[in-house]
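The values are calculated or read from the model by the stated rules, or taken from the named source; none is laboratory data. Owing to the predicted nature of the structure, the values given are computational and were not obtained by experimental measurement. We place every Cβ from the backbone using ideal geometry, glycine too, and count neighbours over all the protein chains shown. Accessible surface is based on the protein model in full, side chains and every heavy atom, while ligands, DNA and RNA are left aside. Shrake-Rupley method; radii C 1.70, N 1.55, O 1.52, S 1.80 Å.
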Amino acid sequence: MVPADFQKPEHDDPWGGAFGAALAVRAGDFVYTSALGGVTGMDEGVPQFAETFDEQLSLVGEHVSRRLEHFGCSTEDIVDATVWLHPSVDIDPGEVLDRLQEQVFGRGSPALSLARVATAYDDSLVCVKVVAYRPR
């Protein structure tokens, strides 16, 4: 039996299925994003990335904010985050944490996992996946 207050998950897919996954999903009081990178657009179904780490990090912050805003959330609602840095990015861990706080998480302080790994796209220098909590 389905509870009377049950709400189906809502999907946010502004790329029209190009990635084969939603960029964010709201399930109850939680919003989950896919790994959002510094994508500037699509070229024949292939994501295009900003050229520098700085540009990509700024875009990641914009993408995260936009996905959360779609579901009535903000970066202050982020409770968990996973960050992937490409091994070629030469940055001190403390600096990357400060910049993530400034450009992606805002005033929020999520639980955080950070890893240096190559992502699915060679030109992707940074990706962030977040979980936000905001009661409906």
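Details
- Segment ASP90-GLU62, extension gain: residue separation times 0.36 nm, minus the distance between their alpha carbons: 7.8 nm
- Computed from phi, the 3J(HN,Hα) profile of segment 90-96 under the Karplus parametrisation 6.51, -1.76, 1.60 (θ = phi - 60°) reads 9, 8, 5, x, x, 5, 5 Hz, with x in place of Gly and Pro.
- Across the chain, the mean sequence separation of Cα contacts (distance under 8 Å, 6 or more residues apart), normalised by length, yields a relative contact order of 31 percent.
- The residues neighbouring ALA22, those whose beta-carbon lies less than 14 Å from its own, together hold a net charge of +2 under the Lys/Arg +1, Asp/Glu -1 convention.
- Theoretical FRET efficiency, 1/(1+(r/R0)^6), r = Cβ-Cβ of LEU114 and ASP43, R0 25 Å, to 0.05: 0.25
- Protection proxy ranking of 79-89, 111-121 - average other beta-carbon atoms within 10 Å, highest first: 79-89, 111-121
- For the chain, carbon and sulfur atoms together expose 50% of the accessible surface, with a 1.4 angstrom probe and every protein chain in place.
- Å² of accessible area per residue within the chain, as computed with a 1.4 Å probe and no ligands counted: 56 Å²
- One chain, two ends: ARG107 and LYS129. Fully extended at 0.36 nm per residue, the span grows by 6.2 nm beyond their Cα-Cα distance.
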